[in-house]
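The values are calculated or read from the model by the stated rules, or taken from the named source; none is laboratory data. All of these numbers come straight from a predicted model, not from anything done at the bench. Don't worry about glycine lacking a Cβ; one is built from the backbone with ideal geometry, like all the others, and counts go over all protein chains shown.
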């Protein structure tokens with residue numbers, strides 16, 4: 001697990017010790033950021049169910065101005081913090097880094113209540129169970145957590161069906177990488 005591009009390119013990140021954390025593979029991460037392209041620079045990015053923080057750290061490395069890492073596990077957030085410091089993003093205060101210890105759906109409630117929106121919302125829940133359904137329903141209720149022209153990206157198990165719409169957001173495309181699929185939603189019609 002490494003940072004693929006940008007200011008921290010080549011840094012090897014600390015991997016999770018727990019088997020229930022499944023980091024996004026370098027291949028999937030590279031494909032994701034090829035799709036996002038230069039839009040990441042100066043963006044606000046939410047890494048929901050952050051795990052190791054690899055996706056949000058990639059956004060930081062590529063010039064995101066602010067990344068919020070959300071995970072309910074304090075152990076995961078400690079790993080994210082360790083990886084952020086390893087890459088040199090923890091000390092200067094720029095870019096802005098937020099570590100939030102909450103369940104994903106509660107974090108969405110908080111962002112909506114506080115009027116906070118993001119250019120990109122990346123969701124990578126555990127592959128099995130109903131957490132993804134709960135989070136997508138919550139985003140559907142509060143689509144304004146996505147900035148205008150923002151994008152919701154969902155990493156999910158390839159055999160799992162996902163909705164064509166999340167509130168006013170429409171599924172634009174999906175790309176499969178073995179057992180993993182990335183699905184992209186936007187408010188564009």
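For the range 17-44, the set of residues classified as surrounded by fewer than 15 Cβ atoms within 10 Å (Cβ to Cβ), free of Cβ contacts under 8 Å to residues at least 40 places away in the same chain and part of a loop (DSSP other than H, G, I, E, B) consists of 17, 19, 41, 42, listed by residue number.
Of all residues in the range 117-131, exactly one satisfies the criterion of being modelled with pLDDT of 95 or more and farther than 19 Å from residue 53 by Cβ, namely 117.
Can you tell me which residue among 154, 166 is surrounded by 15 or more Cβ atoms within 10 Å (Cβ to Cβ) and over 16 Å from the mean Cα position of the chain (by Cα)? Explain how you work it out, then say what you get.
Details: 154 fails: over 16 Å from the mean Cα position of the chain (by Cα).
On inspection, the qualifying residue turns out to be 166.
Kindly evaluate residue 73 against the criterion of being more than 20 Å from residue 174 (Cα to Cα) and within 15 Å of the chain's Cα centre (by Cα). So residue 73 does not fit the description; no.
Taking the condition over 14 Å from the mean Cα position of the chain (by Cα), over 23 Å from residue 116 (Cβ atoms) and surrounded by fewer than 15 Cβ atoms within 10 Å (Cβ to Cβ), does residue 6 pass?
Numbers: over 14 Å from the mean Cα position of the chain (by Cα): yes; over 23 Å from residue 116 (Cβ atoms): yes; surrounded by fewer than 15 Cβ atoms within 10 Å (Cβ to Cβ): no.
No.
Of the residues making up the range 20-71, those that are in contact with a strand residue (DSSP E or B) (Cβ under 7 Å, 6 or more places away or on another chain) and on the phi > 0 side of the Ramachandran plot number 2. Of the strands (runs of 3 or more DSSP E) lying entirely inside the range 45-133, those containing at least 1 residues that are without any contact (Cβ under 8 Å) to a residue 60 or more places away in the chain and closer than 20 Å to residue 186 by Cα are 66-70.
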